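I have placed the structure first, in the form of C-alpha cells, so that the comments after it can refer back to it.
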Amino acid sequence: MVQKTAPGGRSWWGIALIAIGVLWLFTSLGWFSWDFWADVWLLWPLVLILLGLNFLLRDNPKRIPVLLAVALVGGGLLWTWNARPGAQGALEQISIPLGQVNRAQIRLAPGVGQLEVSALEEGSASLIEGQIRLLPGERLERRSDVQGSEATVALEARGRTSGAVRSREGWELRLSPRAELRLVVNTGVGEAVLNLRNLQVSSLDVNSGVGRVQIELPEQGIYRAEIEGGVGELDIRIPQNVAVRLEAKTGLGGLEVPNGLIKLGDNRYESPDYATAADKADLEVNGGVGRVVISK
C-alpha cells in the first residue's frame, strides 16, 4: 500500500515562484503599481511565522489550508495596521538657497516610497526645494556644504522603517536649472520619476532598487549617465535633439532601443550625428530583473 505524503519543500518553492510570477505579470500589465512590491516587502515577518507553522504542522494533512489562511489574515491585518490614519512619519521641508553656487553634487537616497525629481522655475533663488514624507521609524540625514561656487548636498533616509507606501506623500524635490549638477540617486523600494529635461546635468548615476524607474534625460549639454537596473522596469527617455552613444546590457528582461541608431558591436549603439552634435549623452545601462525601454 502506497502512503501519500504532504507536499514537501520543493512543492512550496514551486507554489511561491508561480505566485511571484503571476503578481509580477499583473504589475507589468499595469494592474498593480510597482509600489505594491514595497508593501509586500513590509510583510516580511509573515515569512518567519509561516516557516515556523510549517515546521510544527509538517505531519498535519490540513497544513496547506492553515498556512494559506494565516498568510491571508496576517497579511491583511498587518497591511491595515500600517495603512491606518496617523501611521505616517514626519514631513520634512527642504529648502537650500542657491546663493553663488553654480556647480553642485547632489546625492538622493530614499528608503521605501516614491521619489519625484523635477526642475525649479528659472528665476528661483533655491538650489533645492521640496518636501519629504518619512515612514515611521525613518529619519532624514541631511548634509550640505558650500565652498564658494560649489556645493555638496546629501539627503538620505536612515533607520528601520514600517508603514505602507500608499500612506505617504513620498519625496518631491525640485532642483535649480541654473547650476551644473552631478546627481547620484539610489531609488530604494518604490517608484521613481526623474524629470531632468530642463536641468543642467554633467553626470548622472542611478542605482535602482525595487520598483519602476522613469528617467527623462536633459535636453541640453554634454553629459554622462550610468544607470544600474534593480528589480522592476527601467524607462529611459532621450530628448529628440540629443545624440547618444549607448552601451546597454540586459539582465533578466527585454531591451528596447530607439530606431535610427547605428549598431557598433555587442550592446553598443550610436546616433549618426554623435560626433558633431552640440547636445549629446554617453549612456550606460545595465539591466537587472525587468524590462529596459530606451526611447526618443
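The values are calculated or read from the model by the stated rules, or taken from the named source; none is laboratory data. The structure displayed is predicted, hence computed values, not measured ones. Every residue, glycine as well, gets a Cβ built from its backbone with ideal geometry; the counts of neighbours run over all protein chains shown. All accessible areas refer to the heavy atoms of the entire protein, side chains included, with ligands and DNA or RNA removed. Shrake-Rupley method; radii C 1.70, N 1.55, O 1.52, S 1.80 Å.
Would you call VAL184 in contact with a Lys or Arg (Cβ under 6 Å, 6 or more places away or on another chain), among the aliphatic types (A, V, I, L, M), under 19 Å from LEU140 (Cβ atoms) and open to solvent by less than 40 Å² (accessible area, probe 1.4 Å)?
Numbers: in contact with a Lys or Arg (Cβ under 6 Å, 6 or more places away or on another chain): yes; among the aliphatic types (A, V, I, L, M): yes; under 19 Å from LEU140 (Cβ atoms): yes; open to solvent by less than 40 Å² (accessible area, probe 1.4 Å): yes.
Spelling it out, VAL184 is indeed in contact with a Lys or Arg (Cβ under 6 Å, 6 or more places away or on another chain), among the aliphatic types (A, V, I, L, M), under 19 Å from LEU140 (Cβ atoms) and open to solvent by less than 40 Å² (accessible area, probe 1.4 Å).
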In the stretch 103-132, anything among the charged types (D, E, K, R) and either buried (at least 21 other Cβ atoms within 10 Å of the Cβ) or not in a strand (DSSP E or B) (or both) is listed as GLU121, GLU122
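Residues checked against (1) out of contact with any Leu (no Cβ under 8 Å at 6 or more places or on another chain); (2) among the charged types (D, E, K, R):
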site	(1), (2)
ASP205	no, yes
VAL257	no, no
ASN267	yes, no
LEU283	no, no
Could you please find all residues in the stretch 202-214 being crowded, with 23+ Cβ neighbours inside 10 Å and either over 23 Å from GLY253 (Cβ atoms) or more than 8 Å from the chain's Cα centre (by Cα) (or both)? LEU204, VAL206
Within the stretch 157-181, how many residues are open to solvent by less than 10 Å² (accessible area, probe 1.4 Å), part of a strand (DSSP E or B) and modelled with pLDDT under 95? 1
Using the structure shown, decide if LEU135 is outside any loop (DSSP other than H, G, I, E, B), modelled with pLDDT under 95 and either surrounded by 15 or more Cβ atoms within 10 Å (Cβ to Cβ) or acidic (Asp, Glu) (or both). no
Which pairs turn up if I take residues in the stretch 90-103 that are among the acidic types (Asp, Glu) and look for partners that are surrounded by 15 or more Cβ atoms within 10 Å (Cβ to Cβ) and not in a loop (DSSP other than H, G, I, E, B) with beta carbon separation below 6 Å, at least 6 apart in sequence or on another chain? GLU92/ILE132; GLU92/LEU140
Among (1) in contact with a helix residue (DSSP H, G or I) (Cβ under 7 Å, 6 or more places away or on another chain); (2) at pLDDT 90 or above - the single one GLY190 does not satisfy: (2)
